1. Place a +1 charge on the Cβ of each Lys and Arg in region A:129-275 and a -1 charge on the Cβ of each Asp and Glu, then give the dipole magnitude about the Cα centre in debye, rounded to the nearest 20.
2. Once phi is turned into θ = phi - 60°, what whole-Hz ³J(HN,Hα) does the Karplus curve with 6.51, -1.76 and 1.60 give for every residue of region B:156-173, x standing for Gly and Pro?
3. Which whole-Hz ³J(HN,Hα) couplings does region B:187-195 yield from phi under the Karplus relation 6.51 cos²θ - 1.76 cosθ + 1.60, θ = phi - 60°, glycine and proline marked x?
4. How do A:TRP140, B:TRP202 rank when sorted from fewest to most other Cβ atoms within 10 Å of their own Cβ?
5. Which whole-percent values make up P(r) of chain A when all C-alpha to C-alpha distances are grouped in 5 Å steps starting at zero?
6. Only four residue types carry charge here, +1 at the Cβ of Lys and Arg and -1 at the Cβ of Asp and Glu. Report the dipole size of the protein assembly as shown about the Cα centre in Debye, rounded to the nearest 20.
7. DSSP beta bridges in the protein assembly as shown, what fraction antiparallel, as a percent rounded to 5?
8. So what are the ³J(HN,Hα) numbers for region A:258-271, from phi and the Karplus equation (6.51, -1.76, 1.60; θ = phi - 60°), rounded to whole Hz, Gly and Pro as x?
Amino acid sequence: MTLLEAEDVRAVYGDGCVRCLETTGDRAGTNQCSRCGSIVACAEIDVSVQRGEVLGVVGESGSGKSSLAELLALERGEATVGGDVRYAGHDGNLLEVDYQTRQALRTGEIALVHQHIRDGLSLEFTGGGNVAEKLLAAGWRSFEDVRARVSELFEATEIPIERMDDPTSTYSGGMQRRVQIARALAVEPELVVLDEPTTGLDVSVQARVLDTFRRIQREHGVAAIVVSHDLGVVRLLADRTVVMRHGRIVEAGLTDRVMEDPHHEYTQTLINSVI
Amino acid sequence: MTEHEQTGLADDASAETATEGGTNDNRQPDRGTPIRAETVDAALDALHGEGMAGYSYAYLDEHTKREVRRATLKAIAIPGHQVPYASRPMPLARGWGTGGIQVSLSVLGPDDTFKVIDQGTDGSVNAANIRRLAEETANVSTTTDTTEADVIQTRHRIPEEVLCDDQLLVLQVPVTDPLRKVDPSDAANRKRHAHRNYGKMWVHLYENVVEWGEINIGASYPTMVAGRYLMSPSPIPRWDTPKLDDADHLSIFAAGREARIYAVPPNTRVKPLAFEDRQFTVERFPDRACHLCGSEDTFLVELSETRDGSDGRFETCYVCNDTSFCEKRHSDPDRPKDHHLDREGVDWGPGTPDVPRTTADDAASERGESG
């Protein structure tokens, strides 16, 4: 059953013009419009996510992965967005809904784990407070319930519970990532968008963060969109994968198929350069 | 010109007259009263009596009063919402009650009785000066008795005696936005107010409970007004916060420095933020009574002072913060807070849920024993 369906979505930074789409993309070899100079971060993108499925998005840096992730997580940036995003159980295009609906979806069904810690967490708040914020925003009003749920999430994401009441700024990078994941999972969303979940972490911590996420994802049947430049991460987590370049999807398919039998020239280079 | 320079009191109207050489014969007469005098003392003498002639009624000009009233009406129409207004420079520093003075002077009329409280007392320099300013410029009578006042301007307290539906309380506010504590960006906070998005404030309360076991915000307790806007009730103690809920009187909160006015109309629901299992509590003074009047059901403050027979040592004692009511209690210790109303048992002021309150009878007998 389809949970999220995006058709022909795009995010453009700049004024944009009629020729933006022709002059950018894989064939043009750039994501900057030669006429007006706007950056077409992503365009002509069709993706869908089934319930409980993990979709991987790979591509080189600047290929539009994060812009796509933010757009699908209903995070409003400075980009001009367009296209059609449907979400199960909601009528209409999510890119056009009012703030209230968007906010309700973002506190309930859709969660985003930001690429940059600072975008996702208030570092001056405690780690527990950051996770509690999601619950409190969703209307939890019993202190003991909030406390119990936060402890539960800390345990599930393997963050030391003794550190729960320390300011988030004192946490290690890996712990901050896991606080973000705990926060994203707090109100049991249906879809989690992870933007570069392991950037800047050393390999062993990466493995633990990914393990934790995979376990929780399987246990609760959460659907996820995992954005990464790291093919290993996507290979480990994703059922299906799309490959992006210059703001366009150049290849899509089952992760195993894309990894073992890449069709597009760029994907072949990408995979050969890693494995 | 030299004459004015010597006195140092060159009034700008007459100075201009001198430089422009009398070309402004059609000048409007209400530009102030030129005072010609040789010495400062002579100038002050000349001011007396004549000096007020150049001022509008209630000090502020009519445009200012209209602007403040307009903002006040809007604030009353949207309970708890901070309405911007054109705050004028006042003859005292911003942060000393300029907002409160502007509202008070805009609503006072010659028939009104005015009371000014500064942290519970009528006698502080600032309170006395504000009272005098209103007395001289707005021709109002002033009082220190809460029950007699029509307009009460207050800094950080709500009187102990119950306010009625014909009274107006003007509270001075230093920091208008309760969310500034959790996010210094006013732009972001305005958005939060617009969307009723108070998650950050709840996190602040959560962390407070984590740290202290209970919500430990001393003054300016964040409060929901009519279920819509989060409001700072100005830095009144938690003790006074419940008095705003379903009150008979109108409360107007004014900040001169931040140029914002907001209001709680009569009979409006005002609910302090709290968890279901961590209730809002007021300050507790276990086993303490005012050492002047013996009250146990008023907001007490700690005093350290040397007293007769203490050989110069400092002794700590507690006194009522509301001096006017303390004086009344002094002569009549059992006077209830609603003594001036025709109904009894008005629920005014705090009930502390987790500490049983001594009943009036117990309190009286205890006082009898100790006294």
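1. On the way: 17 positive and 23 negative charges, 38 e Å.
I would put it at about 180 debye.
2. Result, rounded to whole Hz: 6, 8, 10, x, 6, 6, 5, 8, 9, 6, 9, 10, 10, 10, 10, 9, 7, 10.
3. Karplus-based 3J(HN,Hα) across region B:187-195 equals 4, 5, 5, 4, 5, 4, 4, 4, 9 Hz.
4. Numbers: A:TRP140 19, B:TRP202 23.
Ordered by Cβ neighbours within 10 Å, fewest first: A:TRP140, B:TRP202.
5. Going out from 0 Å in 5 Å bins, chain A shows 1, 6, 13, 16, 18, 16, 13, 9, 5, 2, 1, 0 percent.
6. Numbers: 69 positive and 106 negative charges, 422 e Å.
Value, rounded to 20: 2020 debye.
7. Working: 48 of 82 bridges.
Restricted to the protein assembly as shown, the bridges split so that about 60 percent are antiparallel.
8. 4, 6, 8, 9, x, 8, 6, 4, 5, 4, 4, 4, 4, 6
Laboratory data are not the source of any read-out in this text; all were calculated from the coordinates shown. Computed from a predicted structure; not experimentally measured. Heads up, the Cβs are rebuilt from the backbone with ideal geometry, glycines too, and the neighbour counts pull from every protein chain shown.
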